[in-house]
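Visitor: Quick one: structure below, then a few questions.
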Amino acid sequence: MRFFLALLLLSLAGCVTQPAIKPAADSTIHKQHLNSLGRIQAFNLKGRIAVNANGKGYSGSVTWAHQQDKDTMDVFTPLGGKAAHIVKSASEVSLTNTKGETVSAQSVEALTEKTLGWRLPLSGLSDWAVGRPTAAPITHQAWDELGRLTQLEQQGWQIEYTQYTAYLNTVLPQKITLKNQSLQLRLVIEQWSALP
């Protein structure tokens with residue numbers, strides 16, 4: 001249960017850019033791609049998740065509606081039952097479990113500390129999910145010949161993009177792996193859609 005809570009909270013959160021050494025043409029293509037992603041401020045996604053934390057694992061599926069001021073996420077078991085419902089606003093994060101019990105906090109970090117006993121440095125997932133860094137300093141980044149990120153290190157996380165898919169006149173990630181010292185999260189996005 002703790003691992004799947006970590007995964008849930010990973011999806012709720014906030015990253016500056018110091019480009020990796022690349023030829024000028026590659027850098028230009030990368031910037032053009034990031035500009036195409038800049039107009040995406042809200043999205044819906046459906047996908048599958050797998051989490052490994054401290055040697056224990058969880059897998060299931062997820063639906064996530066992201067807006068600039070609110071995130072709503074549902075996490076499901078492998079058999080399709082809803083495991084948790086998470087809502088994040090500008091001032092609060094709440095998680096409702098299968099028993100209908102709700103835990104709230106002012107930040108994702110505070111909620112993870114309350115529910116897991118340790119703080120996850122969660123910020124930026126809404127940007128990382130669409131394949132762009134946030135405003136925090138970047139430790140490392142690399143991109144392919146089409147300007148799409150393949151690797152990103154930011155805020156203590158190593159993020160790897162292994163597959164992309166076409167969507168809304170751009171390309172968005174389809175397979176993402178996020179790792180830090182204690183947790184690994186794999187997200188396979190099966191469907192992107194725009195919020196109404």
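The values are calculated or read from the model by the stated rules, or taken from the named source; none is laboratory data. Keep in mind the model is a prediction, meaning the values are calculated, not measured. Cβ atoms come from the backbone with ideal geometry, glycine included; neighbour counts cover every protein chain shown.
Visitor: Counting residues that are within 22 Å of Lys179 (Cα to Cα) and touching a helix residue (DSSP H, G or I) at 6+ places or on another chain (Cβ under 9 Å), which strands (runs of 3 or more DSSP E) fully inside region 26-103 reach at least 1?
Guide: Numbers: elements: 43-53, 56-67, 70-76, 82-89, 93-97.
Once the strands (runs of 3 or more DSSP E) in region 26-103 are filtered for at least 1 residues that are within 22 Å of Lys179 (Cα to Cα) and touching a helix residue (DSSP H, G or I) at 6+ places or on another chain (Cβ under 9 Å), what remains is 43-53, 56-67, 70-76, 82-89.
Visitor: Only residues that are within 15 Å of Trp128 (Cβ to Cβ) and surrounded by 15 or more Cβ atoms within 10 Å (Cβ to Cβ): list them for region 34-48, please.
Guide: Leu34, Leu37, Ile40, Phe43, Leu45, Gly47
Visitor: Hey, another quick one. Would you check which residues across region 124-157 are assigned to a strand (DSSP E or B) and of a type outside the set (A, V, I, L, M) and list them?
Guide: Keep residues of region 124-157 that are assigned to a strand (DSSP E or B), which gives 138-143, 149-154, 157.
Once the filter is applied, which keeps residues that are assigned to a strand (DSSP E or B) and of a type outside the set (A, V, I, L, M), region 124-157 yields Thr139, His140, Gln141, Trp143, Thr150, Gln151, Glu153, Gln154, Trp157.
Visitor: Moving to a separate point now. Collect the residues in region 74-93 that are among the hydroxyl-bearing types (Ser, Thr, Tyr) and within 17 Å of the chain's Cα centre (by Cα), keeping them in residue-number order.
Guide: The first filter runs over region 74-93 and keeps only residues among the hydroxyl-bearing types (Ser, Thr, Tyr), leaving 77, 89, 91.
Selection gives Ser89 alone.
Visitor: Pairs needed: first member in region 71-98, over 23 Å from Gly124 (Cα atoms); second member anywhere, among the aromatic types (Phe, Trp, Tyr) and not in a strand (DSSP E or B); C-beta distance under 7 Å; at least 6 residues apart or different chains.
Guide: Correct list of pairs: Ala83/Phe4.
Visitor: Filtering region 89-118 down to residues that are among the acidic types (Asp, Glu) and modelled with pLDDT under 80, which residue is surrounded by the most Cβ atoms within 10 Å (Cβ to Cβ)?
Guide: First, the residues of region 89-118 that are among the acidic types (Asp, Glu): 92, 101, 109, 113.
Okay, now just the ones that are also modelled with pLDDT under 80, so 109, 113.
Numbers: Glu109: 18, Glu113: 14.
If we take residues in region 89-118 being among the acidic types (Asp, Glu) and modelled with pLDDT under 80, then Glu109 is surrounded by the most Cβ atoms within 10 Å (Cβ to Cβ).
Visitor: Right, something else. Read through the list (1) within 17 Å of the chain's Cα centre (by Cα); (2) modelled with pLDDT of 90 or more, then give the number of the only condition that Pro121 fails.
Guide: Evaluating Pro121 over (1) within 17 Å of the chain's Cα centre (by Cα); (2) modelled with pLDDT of 90 or more leaves (2) as the failure.
Visitor: Another question about this same structure. Take the residues of region 163-180 that are of a type in the set (A, V, I, L, M) and over 17 Å from Leu152 (Cβ atoms): which is surrounded by the most Cβ atoms within 10 Å (Cβ to Cβ)? Before the answer, list the steps.
Guide: Just the residues of region 163-180 that are of a type in the set (A, V, I, L, M), to begin with: 166, 168, 171-172, 176, 178.
Checking which are over 17 Å from Leu152 (Cβ atoms) leaves us with 166, 168.
Values: Ala166: 10, Leu168: 14.
Among residues in region 163-180 that are of a type in the set (A, V, I, L, M) and over 17 Å from Leu152 (Cβ atoms), the one surrounded by the most Cβ atoms within 10 Å (Cβ to Cβ) is Leu168.
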